[in-house]
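Step one of this worksheet: look at the structure below.
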Amino acid sequence: MTPELQAQHHSRISKRELTKEFDGLIEEMEVDKMYLHLCCGTTAPKLVDAHRDALNAFAEHAMAQAVDSLGKALLSADVVNACSLVKKAYSVYHDNPMRVIEQSVLGALTAHVITATAQKNIEHPVLSEIGLAQPEETGVLPALRDSPVKRWQLATEIAEKRKKFKERGIKS
């Protein structure tokens, strides 16, 4: 064999080996991609649930504080006593002074809620940290999100492929 033919032969062998290595890397990247989809399918719903729980907890806490403050500010013992005395003494408020108080407070609150909702300008440190928008489930395949069986099958497939990689000597 001439040196020129030997060089061509070595070049072909090198190219074949590089092709095999490249194919192996592509296959490994596909397995990594499947693994990331599997992880996203597991963690994304947890993120959305945590966001919902955090917003609910904040809303419940804020509502409890508002109701407590409102009760103290609007319905002092003097107001309730005055309404009860007026009912007894002058037969007003029909049979239930509490109902009249509820309707007055509800009317004022309804107007306040409508105004606050129209502004949509919420500046609260907790809400700015949590965020008002539901987080997106980026990287989640709907089939994996909705089916534990498919997630299990994919996890099994990934484990088998990684085992084959180790047997072939490919680092995974």
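All of the numbers you see were taken from the coordinates with simple rules; none came from a lab. This one's a predicted model, so the numbers in the text were calculated from it and none came from an experiment. All Cβ positions, even for glycine, are placed from backbone atoms using ideal geometry, and neighbour counts span all protein chains on display.
Miscellaneous remarks
- Calculated FRET value between Val149 and Ile26, using beta carbons and R₀ = 30 Å, to 0.05: 0.60
- Two-site label geometry, Ala116 and Asp49: point separation in nm, points 7 Å out along Cα→Cβ: 3.0
- Taking 24 Å as the limit for the C-alpha separation, the pairs Lys46/Lys161; Lys46/Lys164; Lys20/Lys150; Lys33/Lys161; Lys46/Lys166; Lys46/Lys163 exceed it in the case of Lys46/Lys161; Lys46/Lys164; Lys20/Lys150; Lys46/Lys166; Lys46/Lys163.
- Contour excess over end-to-end distance, with Cα ends at Ala82 and Gln65 and 0.36 nm allotted per residue: 3.6 nm
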